[in-house]
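The values are calculated or read from the model by the stated rules, or taken from the named source; none is laboratory data. Source: prediction; values computed, not measured. Please note: Cβ atoms are built from the backbone with ideal geometry, for glycine as well, and neighbour counts cover all protein chains shown.
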Amino acid sequence: MDSNIKLKQIIGVLDQLAEDTSVPRNIRRGATDAKERLLLQSEALDVRTASAIIILDELANDPNIPLHGRTLIWNIISQLETVG
């Protein structure tokens, strides 16, 4: 699959997470931050995905995140690892 298509799907899921009011505000903010990193056209794709993975990994380790949010983040990370 084209990495641009996969990236658009990932960004869509990050948008869902950012709008999910059942997860804490800092998690939603982190999802937005990860999305913004992925959209930075001035950086190489591998740098953008690595930056987003680092942000998401920190979010997944947050003790306040609900289980469905953590699972979603793990899924996003595994998808990002296949991009680029």
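Given the conditions (1) surrounded by 19 or more Cβ atoms within 10 Å (Cβ to Cβ); (2) assigned to a loop (DSSP other than H, G, I, E, B); (3) among the β-branched types (V, I, T), and given that T82 satisfies all but one, which numbered condition is not satisfied?
Of the numbered conditions (1) surrounded by 19 or more Cβ atoms within 10 Å (Cβ to Cβ); (2) assigned to a loop (DSSP other than H, G, I, E, B); (3) among the β-branched types (V, I, T), the odd one out for T82 is (1).
Would you check if there is a residue in the stretch 42-65 being out of contact with any helix residue (DSSP H, G or I) (no Cβ under 8 Å at 6 or more places or on another chain), surrounded by 15 or more Cβ atoms within 10 Å (Cβ to Cβ) and farther than 16 Å from Q79 by Cα?
no
Only one residue in A60, A52, A44, A34 is in contact with a Phe, Trp or Tyr (Cβ under 8 Å, 6 or more places away or on another chain) and either without any contact (Cβ under 8 Å) to a residue 24 or more places away in the chain or of a type in the set (A, V, I, L, M) (or both), so which one is that? Show your work before the answer.
Working: A52 fails: in contact with a Phe, Trp or Tyr (Cβ under 8 Å, 6 or more places away or on another chain); A44 fails: in contact with a Phe, Trp or Tyr (Cβ under 8 Å, 6 or more places away or on another chain); A34 fails: in contact with a Phe, Trp or Tyr (Cβ under 8 Å, 6 or more places away or on another chain).
Of the residues listed, the single one that is in contact with a Phe, Trp or Tyr (Cβ under 8 Å, 6 or more places away or on another chain) and either without any contact (Cβ under 8 Å) to a residue 24 or more places away in the chain or of a type in the set (A, V, I, L, M) (or both) is A60.
With the condition kept exactly as written, say whether any residue in the stretch 35-55 is of a type in the set (S, T, Y) and either over 16 Å from V83 (Cα atoms) or in contact with a strand residue (DSSP E or B) (Cβ under 8 Å, 6 or more places away or on another chain) (or both). Spell out the reasoning first.
Step one: list which residues in the stretch 35-55 are of a type in the set (S, T, Y), which gives 42, 49, 51.
From the residues that got through so far, the ones that are either over 16 Å from V83 (Cα atoms) or in contact with a strand residue (DSSP E or B) (Cβ under 8 Å, 6 or more places away or on another chain) (or both) too are 42.
Yes, the conditions are met somewhere in the stretch 35-55.
Please find, among I54, I27, I5, the residue that is modelled with pLDDT under 95 and of a type in the set (V, I, T).
On the way: I54 fails: modelled with pLDDT under 95; I27 fails: modelled with pLDDT under 95.
When all the criteria are applied, what remains is I5.
Give the residue that is farthest from the chain's Cα centre (by Cα), with candidates limited to residues of the stretch 10-25 that are loosely packed, with under 14 Cβ neighbours inside 10 Å and either farther than 18 Å from L59 by Cβ or not small (G, A, S) (or both). Can you show your working first?
Of the stretch 10-25, the ones loosely packed, with under 14 Cβ neighbours inside 10 Å are 12, 15-16, 19, 21-22, 25.
With either farther than 18 Å from L59 by Cβ or not small (G, A, S) (or both) added as a condition, the list becomes 15-16, 19, 21, 25.
Values: D15: 9, Q16: 10, E19: 13, T21: 16, R25: 15 Å.
Top of the filtered list is T21.
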